[in-house]
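One structure is given below, encoded as structure tokens.
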Amino acid sequence: MCIKRKKPLYNRILLKISGQSFQKKNTSMFGIDILSIKRIASEIKVLLECGIEIGVLLGGGNLFRGYDLKQRGLSNVISDQIGVLSTVINSLAFKDIIQKLSVKTCLMSSFPIGNITEIYNYEKAMDLLSNKYVVIFSAGIGNPFFSTDLAACLRGIEIQADVVLKGTKVNGIYNCDPEKHLPSKMYKLLSYDFLLKKELKIMDISAICLARDYKIPIRVFNINKMDSLMRVVFGEKEGTTVM
Ligand code: UDP
């Protein structure tokens, strides 16, 4: 139930959830952690009850990432195609769990996958979002050599979201990798150009350029932190904003 009285900062969001958020806490174990999905799905349900319109786009890094498969000898295109399919697998698990919470949901993918998902359709997505469906965009942009960060910015711009929220396992964007260097400083606010110049590797460069060109803000935050999603949407201090 929505208990916030403040006005939300955003009315329509594109929430990108990195695959790592679907991984068991404190392990590097691959697979899907159902409990993590359940927690995130219930936070999304509360936002929906607050009147927020929500598109969700999932990564696949908890299953397969193109880069890792390429390192292990698979060809570029096949590696990325496997990565793309892993985003569909995550999306199916997410759809099942959020539907069990009685949330109206539609799962779309960038290319036809038989009767497992619907194919992405801009008009239908817009209509469903206005009718309080959570629309899940799977399969990235459907092409190898891209990432789900780019897909999130692209879909965010298409659906006229107010922001792209990148939910990940770090609290925001740091001046250096907080897992490797101590102390490190977290930025609250950054410009697209500063981020591009610094090459901080938090996001794919093409995604940042697209967001900059279409002036859609990006917020990077730790989705594994309880209620962080709600705090971000209601304008409380959380994560890093790029604009
Ligand atoms: N991918 C791709 N095209 C896309 C989106 C994703 O080729 O449009 C592949 C790419 O290999 C990537 C993998 O799918 O490594 C999983 O996506 P991503 O790495 O963005 O997931 P995340 O790190 O956010 O979990």
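Coordinate-derived values only; no laboratory data. Note that the structure is a prediction, hence the values are computed from the model and not measured. In this analysis, Cβ positions are derived from the backbone assuming ideal geometry, glycine residues included, and neighbour counts consider all displayed protein chains.
Work from the charge dipole of the chain (Cβ charges, +1 for Lys and Arg, -1 for Asp and Glu, about the Cα centre) and give the residue of Leu150, Ala93, Ala41 farthest towards its positive end.
With unit charges placed on the Cβ atoms, the residue in question is Ala41.
Once each part is reduced to its C-alpha centroid, what is the distance from segment 180-243 to segment 32-50 in angstrom?
21 Å
Could you order the peptides 105-117, 230-242, 65-77 from most to least packed, using the average number of other C-beta atoms within 10 Å per residue?
In decreasing order of mean packing, 105-117, 230-242, 65-77 become 230-242, 105-117, 65-77.
Taking each full run of DSSP H in the chain as one helix, which ones are at least 18 Å long along their axis (Cα atoms) and have mean Kyte-Doolittle hydropathy of at least -0.5?
Length and hydropathy pass: 34-49, 76-100.
For segment 86-184, which GluC sites (Glu not before Pro) are in a loop by DSSP, counting at most 13 other Cβ atoms within 10 Å?
Glu179
How big is segment 137-243 on each of its three principal axes, counting only the C-alpha atoms and giving the largest first in Å?
Principal extents (largest minus smallest coordinate, Cα): 38, 30, 23 Å.
In debye, nearest 20: dipole of segment 128-212 around its Cα centre with unit charges on the Cβ of K, R (+) and D, E (-)?
So the dipole magnitude of segment 128-212 works out to roughly 220 debye.
Through the Karplus equation 6.51 cos²θ - 1.76 cosθ + 1.60, θ set to phi - 60°, convert the phi angles of segment 169-176 into ³J(HN,Hα) values in whole Hz; use x for Gly and Pro.
9, 10, 6, x, 9, 10, 6, 7
For the chain, what is the relative contact order in percent, using Cα pairs closer than 8 Å and at least 6 residues apart in sequence?
Computed over the chain, the figure is 23 percent.
State to the nearest 20 debye the size of the charge dipole of the chain about its Cα centre, where the only charges are +1 on K and R beta carbons and -1 on D and E beta carbons.
Roughly 780 debye for the chain.
For the chain, set up a GNM with springs between Cα atoms under 10 Å and report which of Leu182, Leu58, Leu150 has the largest fluctuation.
Taking springs between Cα atoms under 10 Å, the residue moving most is Leu182.
Fully extended, how many nm does the chain gain between Gln99 and Ser75 (0.36 nm per residue separation, minus their Cα-Cα distance)?
Full extension from Gln99 to Ser75 adds 5.0 nm.
If R0 is 30 Å, what FRET efficiency do you get for Lys7 and Asp193 from their C-beta distance, rounded to 0.05?
Given R0 = 30 Å and the Cβ-Cβ separation, E is 0.50.
Just want to confirm a number: the relative contact order over segment 1-144, from Cα pairs under 8 angstrom separated by 6+ residues, in percent.
RCO, segment 1-144: 26 percent.
Per DSSP helix of 4 or more residues, -39500 (n - 2.57); summed, then divided by the residues of the chain. What does that give at 222 nm, rounded to the nearest 500?
-11000 deg cm²/dmol
For the chain, just give the cysteines left without a disulfide-compatible partner, judged by no other Cys Cβ under 4.7 Å.
Cys106, Cys153, Cys176, Cys209
Can you tell me which of Lys132, Lys201, Lys95 moves the most in a GNM of the chain? Springs connect C-alpha atoms under 10 Å apart.
Lys201
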